[in-house]
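Since the structure comes first, as structure tokens, the remarks are kept for the end.
The values are calculated or read from the model by the stated rules, or taken from the named source; none is laboratory data. Keep in mind that this is a model prediction, so the values were computed, not measured. Don't worry about glycine lacking a Cβ; one is built from the backbone with ideal geometry, like all the others, and counts go over all protein chains shown.
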Amino acid sequence: MPKFDFRLEPVLGHRKRLEDQQQVVFAAALADLKAAEAVRDGYLAKRREMHDRLRRHHGEMDGVELRATYAHCDFLERSIVAQLSVIRDKVAVVDRERFELVAKSKDKKILEVLKERRRETFEAEASAAEQQEGDETNARRYDRAITTWENPS
């Protein structure tokens with residue numbers, strides 16, 4: 001039986017490599033987003049800690065310490081707002097990279113489906129050819145058997 005040869009195999013290999021590269025780019029973008037969210041979460045935790053400290057020890061603090069604490073809370077608020085902007089930008093990048101990954105996955109999947117269908121067609125044709133060859137062999141044997149039975153010499 002002949003070997004199956006998919007003529008678009010180099011194209012399929014290229015599309016697989018493109019998809020793999022895009023997966024790496026997407027993973028990096030996702031890691032950047034997670035890092036930005038971690039920074040935001042750190043700011044939120046520090047702000048919560050400062051607010052708790054203010055509530056618990058407000059009466060014990062002197063004026064300078066109170067001003068510094070409120071200034072730091074204000075700084076944390078501005079940092080959180082700025083970080084939310086960074087996160088929005090990172091989400092946009094992640095969405096764009098995800099879209100690219102899906103597109104490249106679809107391109108690869110199209111060729112994989114085409115390859116599978118061509119393989120099925122090839123196997124069906126090979127099976128039909130083998131069946132026909134077997135039928136011809138059996139027909140020749142039958143003709144020889146009939147001919148020798150009709151003409152015993």
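Of the residues making up the stretch 85-117, those that are exposed (fewer than 14 other Cβ atoms within 10 Å of the Cβ), within 30 Å of His51 (Cα to Cα) and not hydroxyl-bearing (Ser, Thr, Tyr) number 2. Considering the stretch 1-52, and only residues there that are out of contact with any helix residue (DSSP H, G or I) (no Cβ under 6 Å at 6 or more places or on another chain) and β-branched (Val, Ile, Thr), the residue that is farthest from Val102 (Cα to Cα) turns out to be Val11. I want to confirm something. Restricting to the stretch 37-61 and keeping residues that are surrounded by 14 or more Cβ atoms within 10 Å (Cβ to Cβ) and of a type in the set (A, V, I, L, M, F, W, C), which single residue is nearest to the chain's Cα centre (by Cα)? Checking each candidate, the answer is Val39.
Here Lys34 fits the description: assigned to a helix (DSSP H, G or I), of a type in the set (D, E, K, R) and either surrounded by fewer than 16 Cβ atoms within 10 Å (Cβ to Cβ) or modelled with pLDDT under 95 (or both). Only one of the numbered conditions (1) among the hydrophobic types (A, V, I, L, M, F, W, C); (2) surrounded by fewer than 12 Cβ atoms within 10 Å (Cβ to Cβ); (3) modelled with pLDDT of 95 or more is not met by Val64, and that is (3). Summed over the stretch 1-34, the residues that are among the basic types (Lys, Arg) and either more than 30 Å from Gln131 (Cα to Cα) or touching a residue at least 40 places away in the same chain (Cβ under 8 Å) (or both) give a count of 4.
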